[in-house]
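Below is one structure, written out as structure tokens; the observations come after it.
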Amino acid sequence: MNALAATNRNFKLASRLLGLDSKLEKSLLIPFREIKVECTIPKDDGTLASFVGFRVQHDNARGPMKGGIRYHPEVEPDEVNALAQLMTWKTAVANIPYGGAKGGIGCDPSKLSISELERLTRVFTQKIHDLIGIHTDVPAPDMGTGPQTMAWILDEYSKFHGYSPAVVTGKPIDLGGSLGRDAATGRGVMFATEALLNEHGKSISGQRFVIQGFGNVGSWAAKLISEQGGKIVAVSDITGAIKNKDGIDIESLLNYTKEHRGVKGFDGAHPIDANSILVEDCDILIPAALGGVINRENANEIKAKFIIEAANHPTDPDADEILSKKGVVILPDIYANSGGVTVSYFEWVQNIQGFMWEEEKVNDELKTYMNRGFKNMKEMCKTHSCDLRMGAFTLGVNRVARATVLRGWGA
Ligand SMILES: NC(=O)C1=CN([C@@H]2O[C@H](COP(=O)(O)OP(=O)(O)OC[C@H]3O[C@@H](n4cnc5c(N)ncnc54)[C@H](O)[C@@H]3O)[C@@H](O)[C@H]2O)C=CC1
Ligand SMILES: O=C(O)CCC(=O)C(=O)O
């Protein structure tokens, strides 16, 4: 099932649990605006290259639309739509005053030079600058993008609208980025894992973790979980997969990946088949890379008792069903990875206030938001006798539905 069909299905299940009116359901499902732009840039060798960029603004009932921009060869309209919709429910689950959006450019950033990436980002920004803004739509990093990408968007946007640091989050600290944003999604994953395990009478310490993806989210989650005593027994990224049943030394792996741009070849672990990473023996599996990786092909083989969805929509509905029958507990993406957008909100607030918070305050507030989100999600599970995914969906959808009804239909 593709990402959009899967996301729509989860939304409709939640809508039914909430008893939403069919017209309201339709209005919540259809995106506010879908933008598709062609971005042509001169390459370093003088030839021209064209890329297609997307920004889907899903819903703004609760505030400015918010969500990352992804650079990846597989970026396509249905997936961007699904990711934008997930952002709407995610910001509502986190109870931050935003709607949802997502964007992306179909490109392989590893095959573009820094100056080509800068030109591409600037052309994309030129094409969408009048549709984003501090109080309309605030982009942030996602796969294949990072603080430097946000700095270029900020600079290009500011040429049209005057200096506007709050137009993007996940910026470099020197340009008004927030302390703690870089680590925030991984830190949120750690807090979410802690909340779930506590509920099951366990703690992170001593649990064996497998992590797919060692980029921003996966590497920070690995570092923070290992600092809590969790044992990371296998890790993978685009270059390959590695395993050490006694636990990988994450500090050494971080130093290694900085130099070698991937986990392949790290001598503190042995190589394994990258395709087997999700079915490796462990207590807790953290997918932190692509969507749709847990599906009917591999769900039966998964050994983990808990899955923490650090990536967006890593589990498709077929796998959800299979895993639920096996008794595997899945902490859903729209709660588990909401630490990133939560600290993006703190960054935006700091930019608007013109005041910078200490990192300790950022991390403390994040913990409060993650713990509150967990509690609210569990309350919905109880009210609707449902699993955690439907607990999170009903929580998010209900908040957006209430805001939509309160704002009315503009008659
Ligand atoms: N960056 C953020 O703040 C947030 C990111 N997310 C989600 O987390 C996931 C990861 O995002 P980031 O860490 O930001 O991206 P990133 O670009 O920093 O890292 C992506 C990682 O995935 C690996 N990867 C790519 N293809 C792979 C494959 N086929 N098999 C194994 N590994 C593969 C890459 O090598 C890299 O290690 C995405 O699903 C993203 O949407 C969710 C919430 C916030
Ligand atoms: O930080 C943000 O605004 C959005 C992060 C994001 O794209 C996500 O949570 O999937």
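Quick look at the values:
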{"read-out": "Helices (runs of 4 or more DSSP H) lying entirely in the range 263-361 (those with 1 or more residues that are open to solvent by 10 Å² or more (accessible area, probe 1.4 Å))", "value": "317-326, 339-353"}
{"read-out": "Selection status of Thr169, within 17 Å of the chain's Cα centre (by Cα), farther than 27 Å from Ala5 by Cα and not in a helix (DSSP H, G or I)", "value": "yes"}
{"read-out": "Qualifying residue in the range 125-144 (condition: at pLDDT 95 or above, at positive phi and within 16 Å of ligand 1 (Cβ to nearest atom))", "value": "yes"}
{"read-out": "Per-region count, the range 57-74, residues open to solvent by 10 Å² or more (accessible area, probe 1.4 Å) and either within 12 Å of the chain's Cα centre (by Cα) or within 11 Å of ligand 1 (Cβ to nearest atom) (or both)", "value": "4"}
{"read-out": "Given (1) farther than 26 Å from Ala84 by Cα; (2) in contact (Cβ under 8 Å) with a residue 60 or more places away in the chain, number of the condition Ser276 does not satisfy", "value": "(2)"}
{"read-out": "Only one of Phe355, Phe393 that is outside the structural domain of Arg208 (by the TED database), more than 16 Å from ligand 1 (Cβ to nearest atom) and under 18 Å from the mean Cα position of the chain (by Cα)", "value": "Phe393"}
{"read-out": "Gly104 within 11 Å of ligand 2 (Cβ to nearest atom), touching a residue at least 40 places away in the same chain (Cβ under 8 Å) and within 15 Å of Gly291 (Cβ to Cβ)", "value": "yes"}
{"read-out": "Condition check for Tyr163: more than 16 Å from ligand 1 (Cβ to nearest atom) and in a loop (DSSP other than H, G, I, E, B)", "value": "yes"}
{"read-out": "Cross-chain or 6+ apart pairs with Cβ under 6 Å, the range 205-225 first and over 16 Å from Ser252 (Cβ atoms), then of a type in the set (Gly, Ala, Ser) and in a strand (DSSP E or B)", "value": "Val210/Ala234; Gln212/Ser236"}
{"read-out": "Failed item in (1) hydroxyl-bearing (Ser, Thr, Tyr); (2) more than 23 Å from Arg70 (Cα to Cα); (3) in contact with a helix residue (DSSP H, G or I) (Cβ under 9 Å, 6 or more places away or on another chain); (4) part of a loop (DSSP other than H, G, I, E, B), with Thr193 passing the rest", "value": "(4)"}
{"read-out": "Val349 vs. criteria closer than 25 Å to Gly291 by Cβ and at pLDDT 95 or above", "value": "no"}
{"read-out": "Test result for Gly100, within 13 Å of ligand 1 (Cβ to nearest atom) and either within 26 Å of Gly188 (Cα to Cα) or among the hydroxyl-bearing types (Ser, Thr, Tyr) (or both)", "value": "yes"}
{"read-out": "Pair list, Cβ under 8 Å, 6 or more apart: the range 364-384 residue more than 14 Å from Ala336 (Cβ to Cβ) and open to solvent by less than 20 Å² (accessible area, probe 1.4 Å), other residue among the hydrophobic types (A, V, I, L, M, F, W, C) and modelled with pLDDT of 95 or more", "value": "Cys381/Leu388; Cys381/Met390"}
{"read-out": "Answer residue from the range 172-186, given it is part of a helix (DSSP H, G or I) and within 14 Å of ligand 2 (Cβ to nearest atom) and is nearest to Val349 (Cα to Cα) among those", "value": "Arg181"}
{"read-out": "Close pairs (6 angstrom Cβ cut-off, 6 or more residues apart or separate chains): within 16 Å of ligand 2 (Cβ to nearest atom) in the range 303-319, assigned to a strand (DSSP E or B) anywhere", "value": "Ile308/Ile286; Ile308/Leu331; Ala310/Ile286; Ala311/Pro287; Pro314/Pro287; Pro314/Ile294; Thr315/Ile294"}
{"read-out": "Criterion violated by Ser110 - all others in (1) open to solvent by 50 Å² or more (accessible area, probe 1.4 Å); (2) more than 11 Å from ligand 1 (Cβ to nearest atom) satisfied", "value": "(2)"}
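Residue-wise test of (1) closer than 16 Å to Leu120 by Cβ; (2) surrounded by 21 or more Cβ atoms within 10 Å (Cβ to Cβ).
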| residue | (1), (2) |
| --- | --- |
| Met150 | yes, yes |
| Leu154 | yes, yes |
| Tyr163 | no, no |
| Lys171 | no, yes |
| Leu175 | no, no |
| Ser178 | no, yes |
| Gly186 | no, yes |
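The values are calculated or read from the model by the stated rules, or taken from the named source; none is laboratory data. Source: prediction; values computed, not measured. Glycine also receives a Cβ, built like all others from the backbone with ideal geometry; neighbour counts cover every protein chain displayed. Note: areas computed on protein heavy atoms with side chains; ligands, DNA, RNA excluded. Shrake-Rupley method; radii C 1.70, N 1.55, O 1.52, S 1.80 Å.
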